[in-house]
Amino acid sequence: MFLTNSWYVATSSHEIERKPFARTILNQPVVLFRQENGSAVALEDRCCHRHLPLSLGEVSGDHLICGYHGLRYDGAGTCVEVPGQESPPPGAKVRCYPLLEKWGWIFIWMGEPDRADESLLPNWWWAEHPEWKRSDMHLLEVDCDYQLINDNLLDVSHLTYVHKGSIGNDAIVEFSPETERQDRMVRMTRWILDRPPPPMYKAAGRFSGNVDRAQIVEFVPPCFTVNYAICKEAGSDLDADNGRIRIDHMALSAPTPETERTSHYFFSFVRGYALDDREIDRVFEDGFLDVFHEDVVVLEAQQRNYDRNPGISGVNIAVDAAPMAARKLIEDLIAAEVQS
């Protein structure tokens, strides 16, 4: 079961054009396209006549035309014309989904349209701030439950084992994380002090010795996670700008459920240092993308075993505190939605 009265990423801004395209979100077929003024539209991907997917049609002006019998729909999903008759029949319409276009992504509200609430979006202001630089927008199609992706993002101890050649090392598991839950957020914090930097951190910050690091993960339901990484030479004040080398970057992740076992994994990276350094661009664009591909191997292997053993639940260990808190938060919100 999914939380429906919520925003999800439907697509990146550059992916949606005039030509309609299909995407399944929360098991629901959706067609997306842009009108002549550039505004994005999302409709149920089903003609109300004989159920041909509207994504197989074409856009003319501000209307989407069914590719079977030419029924013409406006941006609200109302059929405004049926070829060969004076007017459409009563009730000739399909569902229209509210959209918001922010930070290079298009967010879709999958629940009751009159309950769409922009304040429930995560505040990812860095993505458009001139003092931060954003990477390309990425999308991976992953064969796993989106909550496995949430778990992975909230448990950074796996970096020691899955990403030991890039952003992980043995020092991570020497320090225990702290977890806190708020009304609509779970935060995990881990400090790693006076230890060697992982390979990618060493390259990005050009560190010659040990570093102090902070790993902070903030999760906003149902699927929005920011992984903060702060790293500075050991012994320096993490909060002070004293001229010593410091790197600040974060991963913005939004795994949108396609079905119960498949996900559209949207993500991007932002950083607050070396904004004009092409070598650091390469580290972010290539290095971090490789890291996410490493995660996909793990996530899909997990899902295959869950599918083979549906009645067997895994044991929990200390590092599961944040993932378990996030799952409980989603569970509570879904329960409240069902009762309302």
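Of the conditions (1) modelled with pLDDT under 95; (2) under 19 Å from Arg34 (Cα atoms); (3) not polar (S, T, N, Q), Asp74 satisfies every one except a single condition; which number is it?
That leaves (1) as the condition not met.
How many residues, within segment 26-48, are over 27 Å from Ile334 (Cβ atoms), in a loop (DSSP other than H, G, I, E, B) and among the aliphatic types (A, V, I, L, M)?
Residues that pass the stated criteria total 0.
Filter segment 329-340 down to the residues that are in contact (Cβ under 8 Å) with a residue 24 or more places away in the chain and charged (D, E, K, R) and list them by number.
Glu337
Just one of the numbered conditions (1) in contact (Cβ under 8 Å) with a residue 12 or more places away in the chain; (2) out of contact with any Leu (no Cβ under 6 Å at 6 or more places or on another chain) is not true of Cys79; which one?
Every condition holds for Cys79 apart from (2).
Any residue that is β-branched (Val, Ile, Thr), buried (at least 18 other Cβ atoms within 10 Å of the Cβ) and not in a strand (DSSP E or B) - is there at least one of those in segment 90-101?
yes
Report whether or not Glu141 is within 30 Å of Tyr306 (Cβ to Cβ) and free of Cβ contacts under 8 Å to residues at least 24 places away in the same chain.
no
To keep it simple, each residue is scored yes or no on (1) within 27 Å of Tyr8 (Cβ to Cβ); (2) of a type outside the set (Phe, Trp, Tyr); (3) touching a Gly at 6+ places or on another chain (Cβ under 8 Å).
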{"position": "Arg23", "(1), (2), (3)": "yes, yes, no"}
{"position": "Arg34", "(1), (2), (3)": "yes, yes, no"}
{"position": "Ser39", "(1), (2), (3)": "yes, yes, yes"}
{"position": "Glu58", "(1), (2), (3)": "yes, yes, yes"}
{"position": "Asp62", "(1), (2), (3)": "yes, yes, yes"}
{"position": "Gly91", "(1), (2), (3)": "no, yes, no"}
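Among the residues in segment 255-272, are any part of a loop (DSSP other than H, G, I, E, B) and either in contact with a helix residue (DSSP H, G or I) (Cβ under 8 Å, 6 or more places away or on another chain) or not assigned by TED's automatic domain parsing to the domain that holds Ala203 (or both)?
There is at least one residue in segment 255-272 that is part of a loop (DSSP other than H, G, I, E, B) and either in contact with a helix residue (DSSP H, G or I) (Cβ under 8 Å, 6 or more places away or on another chain) or not assigned by TED's automatic domain parsing to the domain that holds Ala203 (or both).
The values are calculated or read from the model by the stated rules, or taken from the named source; none is laboratory data. Owing to the predicted nature of the structure, the values given are computational and were not obtained by experimental measurement. We place every Cβ from the backbone using ideal geometry, glycine too, and count neighbours over all the protein chains shown.
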